[in-house]
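Colleague: Below is the structure I would like to discuss, written out as structure tokens.
What follows is calculated from the coordinates using simple rules that are stated; it is not laboratory data. Since the model is a prediction, treat every value here as computed from it, not as a measurement. Neighbour counts run over all protein chains shown; Cβ positions are idealised from the backbone, glycine included.
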Ligand SMILES: C[S@@+](CC[C@H](N)C(=O)[O-])C[C@H]1O[C@@H](n2cnc3c(N)ncnc32)[C@H](O)[C@@H]1O
């Protein structure tokens, strides 16, 4: 897939560039390189500057490398998790940077590849690891968790409130579950369809967040950001779930209260209707940005 491919459109692209306020000689971190869409757009604006393109998924990083080839000399690729990003930047000779971007969640390539097991739309092993070389798969987690743990997970990480107990009872009856379609079918049979959303959507999100320690990883990134970004630099984060957006909002509010950051916008930034029309996947994206003091 090339960067020009119509299927890959980086979300809130204009807004990211606007709020990151890219300087041609600056140093930027794209913590979630994915397919390289935002990385390429930042790199295009640089002259002597550098963008560190980070992703914990080696396959994504390879796609990002291919899709950003024309700007390769301005990009340093790094494979690793958010939690080790500040150390990696230091090792690369950038103890502080001028801007940090994170576009959370799975990429289009991860979501649409059955092999990676992120989505019920394509059948595949129930995996969901951003980095398939480490950790337990979603299927292995489902084998291990108790009724109470699973209900807690669906409610907290999946924003699945009323139906969590019913879904978990069905999962416990059906496990072991080894494929995405199996899990989707079990949830679909246990609970009715609600509107446009597939009944298994929240279950899949909850599992993905658990498998990849997404809450802890975002917490680590938010903890490190005010020291990693130099005064005057920006932190820009795009979230797709309200729980994640709340986590970002609370951290930003806390930094502002402590005098470590300056508020840049009053309301959360959402995609324009034209962007949602052209790319329905962008509809739940919420961007927040602050300037570090
Ligand atoms: C939504 S995609 C980014 C898409 C990208 N902005 C683009 O324009 O192509 C998010 C990427 O972040 C990576 N990722 C998610 N959590 C991560 C973490 N804790 N550490 C490192 N990378 C992570 C995923 O592997 C995925 O490739």
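Colleague: Which whole-number percent gives the relative contact order of region 6-153, counting Cα pairs below 8 Å spaced six or more residues apart? Don't skip to the end; give the middle numbers.
Modeller: Details: 231 pairs, mean separation 29.1, N = 148.
Across region 6-153, relative contact order equals 20 percent.
Colleague: Angle, helix 242-257 long axis vs. longest principal axis of the chain, Cα atoms, 0 to 90°, nearest 10?
Modeller: Around 40 degrees separate the two axes.
Colleague: Taking neighbour Cβ counts within 10 Å as the exposure measure, how do 38, 198 sort from fewest upward?
Modeller: Going from least to most buried by this count: 198, 38.
Colleague: Suppose R0 equals 51 Å; then what is the FRET efficiency for residue 65 and residue 149 from their Cβ-Cβ distance, rounded to the nearest 0.05?
Modeller: Working: r = 38 Å, r/R0 = 0.75.
Efficiency for this residue pair is about 0.85.
Colleague: Could you give the angle, 0 to 90 degrees to the nearest 10, between helix 164-174's Cα long axis and the longest principal axis of the Cα atoms of the chain?
Modeller: 60
Colleague: With contacts defined as alpha carbon pairs under 8 Å and 6 or more residues apart, what's the relative contact order of the chain in percent?
Modeller: On the way: 521 pairs, mean separation 53.0, N = 293.
Dividing the mean separation by the residue count of the chain yields 18 percent.
Colleague: Within 10 Å of each residue's Cβ, count the other Cβ atoms and sort 237, 167 from fewest upward.
Modeller: Working: 237 28, 167 24.
Ranked by crowding around the Cβ, least crowded first: 167, 237.
Colleague: Whole Å is fine, so just give me how far the alpha carbon centre of region 83-111 lies from that of region 144-212.
Modeller: With region 83-111 and region 144-212 each reduced to a Cα centre, they are spaced 30 Å.
Colleague: A further question follows. Compute the FRET efficiency between residue 283 and residue 90 as 1/(1 + (r/R0)^6), taking r as their Cβ-Cβ distance and R0 = 25 Å, and round to the nearest 0.05. Intermediate values should be presented prior to the final figure.
Modeller: Details: r = 38 Å, r/R0 = 1.50.
After rounding, the FRET efficiency stands at 0.10.
Colleague: Now for a different question. What list of whole percents do you get for P(r) of region 220-293, with Cα-Cα distances grouped in 10 Å bins up to the one holding the largest distance?
Modeller: 19, 49, 24, 8
Colleague: Given Cα pairs under 8 Å that are at least 6 residues apart, what percent is the relative contact order of region 131-211?
Modeller: Values: 77 pairs, mean separation 32.9, N = 81.
So the answer I get is 41 percent.
Colleague: Nearest 10 degrees is fine. How inclined is helix 180-190 to the longest principal axis of the chain, computing both from alpha carbons?
Modeller: It works out to around 60 degrees.
Colleague: Output the direction-averaged projected area (hull surface divided by four) of the convex hull of the alpha-carbon atoms of the chain, in nm².
Modeller: Details: hull surface 59.4 nm².
Result: 14.8 nm².
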